[in-house]
Each structure stands twice: as structure tokens, then as C-alpha cells.
């Protein structure tokens, strides 16, 4: 048998309703604070990319070549889609191989790679 359509409502628990309202307000506050924080961080990243792009565009082509990028590659470098090529020295240092320095010392007159000439006083 179905309950009557106009049955008296169940008793209301006011403490539970107040707790739910407090929780909803806290969730809303956390969401808005997080959204604001993400917007500020996005603005800061955009501003840094804009400034970097502006500075790189202001450099002459010879300096850009020294850095290892071309003028047409500036937007890709600024966005992070392209990394500049490491120099041969940086690659050798990262691999721990500095054999070209040893060869340079041998050409300068040192027979052993670890010997160094004494400085004149």
C-alpha cells in the first residue's frame, strides 16, 4: 500500500542542514581560491613568455646564432616546444668525456694527459 500523497513531512534535522551548508560554502571558497590562484599563475607565465619573446626579438641575428637559435625559432623556444642545441663542450661535460682537452694538452707539449706545466714565478 502506498503512503498517502499528503502525508506529513519527515522531521527536519537543522544541525545536519547547517553542516551541509557550511561544507558547501567551504567547497565553494576552496574552488574559487584555486581558480584565482591558477589564473594568477597563468598570467605570470604568459607575462614571462611575452617578456622573453620581446627580449629575444630585440637581439641581433649574430647573438641569436651564438645562443643557438634562429629568429624563426624564437616562438618555439619561448613556448618550450623547442630546446636549443647543446654545444659540443656542454655535451662532453654532461657525458664526463673531456678527451678533446687531453688531446689539446698533448699537442701543447705534454706527453701524459695528467701532467701540467709549472707556472713561471
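So the values come out like this:
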{"item": "Test: residue in the stretch 36-45 that is closer than 30 Å to residue 90 by Cα and either modelled with pLDDT of 90 or more or not in a helix (DSSP H, G or I) (or both)", "result": "yes"}
{"item": "Yes/no for residue 32 being surrounded by 10 or more Cβ atoms within 10 Å (Cβ to Cβ), free of Cβ contacts under 8 Å to residues at least 12 places away in the same chain and either touching a helix residue (DSSP H, G or I) at 6+ places or on another chain (Cβ under 8 Å) or in a helix (DSSP H, G or I) (or both)", "result": "yes"}
{"item": "Count of residues meeting criterion [surrounded by 13 or more Cβ atoms within 10 Å (Cβ to Cβ) and under 21 Å from residue 44 (Cα atoms)] in the stretch 54-75", "result": "3"}
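The values are calculated or read from the model by the stated rules, or taken from the named source; none is laboratory data. If you're wondering where the values come from, they're calculated on a predicted model, not measured in any experiment. Ideal geometry is used to build each Cβ from the backbone, glycine not excepted, and the neighbour counts take in all protein chains shown.
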